[in-house]
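Asker: The structure's right below; bear with me while I get my questions together.
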Amino acid sequence: MSIPPPHGPHQQPGPQGPYGQGQFTPQNPYGPYPYHPYGPYGRPAPVNGVAIAALVLGILCFLPAVGLVLGLVALAQIKKKGERGKGMAIAGSVLSSVGLALWTVTLSTGIASDVWDGLKDAASEDGTAYALAKGDCFDSPSGSLEGATYDVEEVPCAGRHDGEVFAVVTLPGGRFPGDDSVTRTAEDKCYALESEYAMDPWAVPDDAGVSYLVPTSQSWRFGDREITCLFGSTDDKGTLTGSLRNDETTLDADQLAFLKAMNTVDDVLYEEPEDFPEDDLPVNQDWAKDVEGVLGEQIEALEGHGWPSGAKEPVADLLADMKDARAAWEKAAAADDADTFYEHYETGYEYVDGPTTVTAREALGLDTTVPSYDGEYDTGSESPGGEELDV
């Protein structure tokens, strides 16, 4: 005999099976059946799905409070609908009650907090990439500053090492911004902070380049929010020897005054327009005017500093060249054509890294090895180094 599908205003959803498949109870003209272990037409009563869920949560001790509530709800439904599963509901309630008691004791004694803190502390223990700080030197397990790593070995900077940290940048919290976003931030921040740690570019070896350690989506979950900016060798198998740090912690007042002035002039020289004077003379004239202005400011700063007796004459000779260069840049800014601009441009550059600069540096105890400038100055990914190591 077939049973027509229920219809009309009295259609009611039947009990849910263990897999959530909806069933409908046929209409009974004689009223509901009494509580009976079997449903209509001799079919076994279905097992209450809520009871099953309560038992599972009780066994796993997962969300014990939820398991206890589900067990009580299941008992009420079983009594009302005549379903099976009373034993499972009771077992789930008992197990969940025990689990809830254990959680209460754990939280009150701080054990759960200790477990979570332990996981987070694992990301900041000595010997891990996360523990590196400004001024630290280390070796990578693979000997490379590319790829991914977790363990690093901190070593003295005086000896050979794979990397030296010159800055640590903390990223804001929230969701992981993505690998590309983190890498872009690392490039922007690390190249900008390089000169604060190594103020004397002449003291940085030609084979030293900028790299960085960045968080991964996995380490982010454990609270890793740091970009670690570092120097590393641009040679595949190369290492660094000795610290590259030269800043307020290692330089004296005379060296700092000299380097600040020279670096300020270098910064504006590095801003040379991409368009040649024959293609865009006005933009090059504006730049030449900026160079002339900065030179004037730094000449004044150097003249106002009290130099030690051994450095007075060498610095005075350098200042004379800088004044000639300033006059040349002033003329370049007023040039009527590209050829005239180039003539004064070359004169303005003659003093840069020239004999008087070397002599002044020697008198101040600074490095006298003129950089090779093989790589084009840039704050982007084309700079030497620029390798990324994920942690």
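Asker: Take every Cα pair under 8 Å in segment 253-352 that's 6+ residues apart, average their separations, divide by the length, and report that relative contact order as a whole percent.
Answerer: The normalised contact order for segment 253-352 reaches 30 percent.
Asker: Something else: Beyond a 19 Å Cα-Cα separation, which of these cross-linked pairs lie in this structure: K289/K331; K189/K289; K134/K237?
Answerer: The pairs that break the limit, which is 19 Å between Cα atoms, are K189/K289; K134/K237.
Asker: What three numbers, in Å, describe the spread of the alpha carbons of segment 253-352 along their principal axes, ordered from the longest?
Answerer: 47, 19, 16
Asker: Regarding segment 123-241, what's the average projected area of the Cα-atom convex hull, expressed in nm²?
Answerer: Taking the Cα atoms of segment 123-241, their convex hull projects to 7.0 nm² on average.
Asker: Once you list every other residue whose beta carbon is under 14 Å from the beta carbon of G365, what net charge do they have if Lys and Arg are +1 and Asp and Glu are -1?
Answerer: It works out to a net charge of -4.
Asker: Alpha carbons only, please: Rg and Dmax for segment 167-306, in angstrom.
Answerer: When restricted to Cα atoms, segment 167-306 yields Rg and Dmax of 19.2, 56 Å.
Asker: Counting Lys and Arg as +1 and Asp and Glu as -1, what is the net charge of the other residues whose Cβ lies under 12 Å from the Cβ of D266?
Answerer: Summing Lys and Arg as +1 and Asp and Glu as -1 gives -4.
Asker: Taking K312 as the anchor, which lysines have their alpha carbon closer than 18 Å to its alpha carbon, excluding any fewer than eight residues away along the same chain?
Answerer: Counting by Cα, and skipping residues close in sequence, K312 has these lysines nearby: K260, K323.
Read-outs: derived from the displayed coordinates by stated rules, not from any lab. Remember, it's a predicted structure, so these values are computed and weren't measured experimentally. Neighbour counts run over all protein chains shown; Cβ positions are idealised from the backbone, glycine included.
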